[in-house]
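Heads up: the structure comes next, in structure tokens.
The values are calculated or read from the model by the stated rules, or taken from the named source; none is laboratory data. This structure is a prediction, so every number in the text was calculated from the model and none was measured. All Cβ positions, glycine included, derive from the backbone under ideal geometry; neighbour counts span all protein chains shown. Please note that ligands, DNA and RNA were not included when accessible areas were found on the heavy atoms of the full protein model with its side chains. Shrake-Rupley method; radii C 1.70, N 1.55, O 1.52, S 1.80 Å.
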Amino acid sequence: MRIRLGYELTYTFAGPTPMIVMLNTHYTRVAHLERPDHMITTPPLPVQGYRDSFGNWCNRLVAPAGSLKLTTDSVIWDDGQPDPVDMTAAQHAVQDLPADTLQFLLGSRYCETDVLSAEAWRLFANTPTGWARVQAICDFVHKHITFGYEHSRPTRTAAEAYAEKRGVCRDYAHLAVAFCRCMNIPARYCTGYISDIGLPPPYDPGDFAAWMEVYLGGRWHVFDPRNNARRIGRILIAQGRDAADVPLTHTFGPNTLTGFRVWTDEIPA
């Protein structure tokens, strides 16, 4: 299927302000785009692109005083299938893991494995290893946290989300990532688009989303503790240890977000 994707973000700045913007489709999906999803700025500004240490594409710019609009609009091809399931995917012993997965076993800014380790083992030690254990973690997190945009807080950590029992998709992802790492399963934080394709209406306004990938059976697999369902049209933007590595926008000064639209719509055949 073909999916139209894009965003329109509008900010107001008191003065010139540097920004890092991480909103391009991940390099693993770029070949599926019908046209590049270049970020367009209004007013036009110089933009410098670079790759971070995780391979994500980032854009640098200096926002002027006043209003700035960031937009893109593209079309991506998708196989139209839900996220894959592999119930046989086994958990690796730590000594057998590839070296490049080891950083995703460690604690990070928002995922305090040292704080949550004892609780993770209390909750999940008796669950089957591998895919079933990760699904048990997602089931728990999905039920434990109450979703609400009014609960959003950019400084909330996994341990705080566990204690407060509320949050948004990044909090679900952080807690599930932390629990997986506590159980010696490499887990990384992901951001991107999630569509409502295949779901019955009514639909919520479009938004970016957070989920996780875990390393089982020799490869990375998608899990979504917020929705706790396999979705069609999931489009990755960036991966990292947690939200500190992959903020959609990072501004080096005060600003106000005055407009926000995101779309991922199936294009009729």
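Remarks
- Using a probe of 1.4 angstrom and keeping all protein chains present, the accessible surface of the chain works out to 47 square angstrom per residue.
- Cleavage-rule hits, chymotrypsin sites (Phe, Trp or Tyr not before Pro), the stretch 193-242, DSSP coil, Cβ neighbours within 10 Å at most 11: Tyr203
- Solvent-accessible area of the stretch 32-159 (1.4 angstrom probe, protein heavy atoms only): carbon and sulfur portion equals 57 percent.
- The stretch 92-154: C-alpha gyration tensor shape, a/c 1.5 cut-off, then a/b vs b/c: oblate
- Using θ = phi - 60° and Karplus 6.51 cos²θ - 1.76 cosθ + 1.60, couplings along the stretch 224-239 (whole Hz; Gly, Pro as x): 10, x, 5, 8, 6, 8, 7, 10, 9, x, 7, 10, 6, 10, 8, 10
- Highest-first arrangement of 120-128, 235-243, where packing means the average Cβ count within 10 Å: 235-243, 120-128
- Distance between the modelled labels on Ala118 and Thr10, one decimal in nanometres: 5.2 nm (7 Å Cα→Cβ projection).
- A protection proxy built from the mean count of other Cβ atoms within 10 Å ranks the segments 11-21, 144-154, most packed first, as 11-21, 144-154.
- Every pair of different Cα atoms in the stretch 1-102 enters the Kirkwood calculation, which places the hydrodynamic radius at 16.7 Å.
- Computed from the Cβ-Cβ distance with R0 of 22 Å, the FRET efficiency linking Asp73 to Arg153 stands at 0.10.
- Sequence ranges 247-260, 40-53, 175-188, ranked by mean other-Cβ count within 10 angstrom, highest first: 175-188, 247-260, 40-53
- Three-way shape label, the chain, alpha-carbon gyration tensor, a/c 1.5: prolate
- Relative contact order computed over the chain (Cα-Cα under 8 Å; 6+ residues apart), in percent: 30
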